[in-house]
């Protein structure tokens, strides 16, 4: 039997709030309070939730940037954090705020990444440029400094960088947030094609309901550090007796996906 690409069991992560004054109690803040889910190999799983729901914390744990306080995490059969060195060669990560050397060009940033991974620079460059062309970037921009590029163009470069090692697992933390409509469509179409062509497993965090419906076979609603519900878009709408996925999210979690504010008249824990 093929193991799932992602196995998460009772995942917990706690952050301590700063004390406002000496002697005052600093209540513990749970970013993740016992999250469990699985993603089959070759599937796209969407985690929907407002800012502060725990989406980015979860992605950082899976990408080995944070260590969980409890629970069990296995990626492609490898357990975290014990096998994190192996996992780093199997994942690509794209965050909402990609970090680059902004004075360097696209080509220079990508070649630097290739050297860090021990890749052949020429073949890595060819692969990255093909990805960027598929994402709609013009070749003349490859030699321009990143500081002169739009956010959408930088995000496309971030995706190309994540795919340089041809990872079987791609972790995407709100990759299209803040992009213009054309850039958003370019990225979404590329991800659809990548999954079909390469069989890449994708975990996508977003608060864009339309994006989740387009890309994800299974969707999980995350709120206040807990997975409230999961299923297909149609299944979640039926569960909430809702006409839209937005309404289903509000009905099942008591929050709005965009802001994290409680729906009017609906109680929410803090």
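The values are calculated or read from the model by the stated rules, or taken from the named source; none is laboratory data. Bear in mind that the values here come from a model prediction, so they are computed numbers and not experimental data. As a convention, Cβ positions derive from the backbone with ideal geometry for all residues, glycine included, and neighbour counts pool all protein chains shown.
Return the residue satisfying two criteria in turn: it lies in segment 99-133 and is under 19 Å from residue 88 (Cα atoms) and surrounded by fewer than 16 Cβ atoms within 10 Å (Cβ to Cβ), and of such residues it is modelled with the lowest pLDDT.
It comes out as 99.
Of the residues 136, 77, 152, only one is modelled with pLDDT under 90 and at positive phi; which?
Checking each option against the conditions leaves just 136.
Test residue 263 against the criterion of being over 20 Å from residue 33 (Cβ atoms), modelled with pLDDT under 95, touching a strand residue (DSSP E or B) at 6+ places or on another chain (Cβ under 7 Å) and surrounded by fewer than 18 Cβ atoms within 10 Å (Cβ to Cβ), and give yes or no.
Here the answer is yes, as residue 263 does meet what is asked.
How many residues are surrounded by fewer than 16 Cβ atoms within 10 Å (Cβ to Cβ) and either touching a strand residue (DSSP E or B) at 6+ places or on another chain (Cβ under 9 Å) or modelled with pLDDT of 95 or more (or both) if we restrict to segment 34-51?
The number of residues fulfilling the criteria is 4.
Kindly evaluate residue 135 against the criterion of being closer than 20 Å to residue 60 by Cα and touching a helix residue (DSSP H, G or I) at 6+ places or on another chain (Cβ under 9 Å).
no
Residues in segment 199-210 that are surrounded by 21 or more Cβ atoms within 10 Å (Cβ to Cβ) and either at pLDDT 95 or above or over 13 Å from residue 245 (Cβ atoms) (or both): how many?
So the count comes out to 6.
Name, by its number, the condition in (1) in a loop (DSSP other than H, G, I, E, B); (2) modelled with pLDDT of 90 or more; (3) crowded, with 17+ Cβ neighbours inside 10 Å; (4) out of contact with any helix residue (DSSP H, G or I) (no Cβ under 6 Å at 6 or more places or on another chain) that does not hold for residue 96.
(2)
For segment 67-77, which residues satisfy the criterion of being without any contact (Cβ under 8 Å) to a residue 60 or more places away in the chain and surrounded by 18 or more Cβ atoms within 10 Å (Cβ to Cβ)?
Residue satisfying the conditions is 68 alone.
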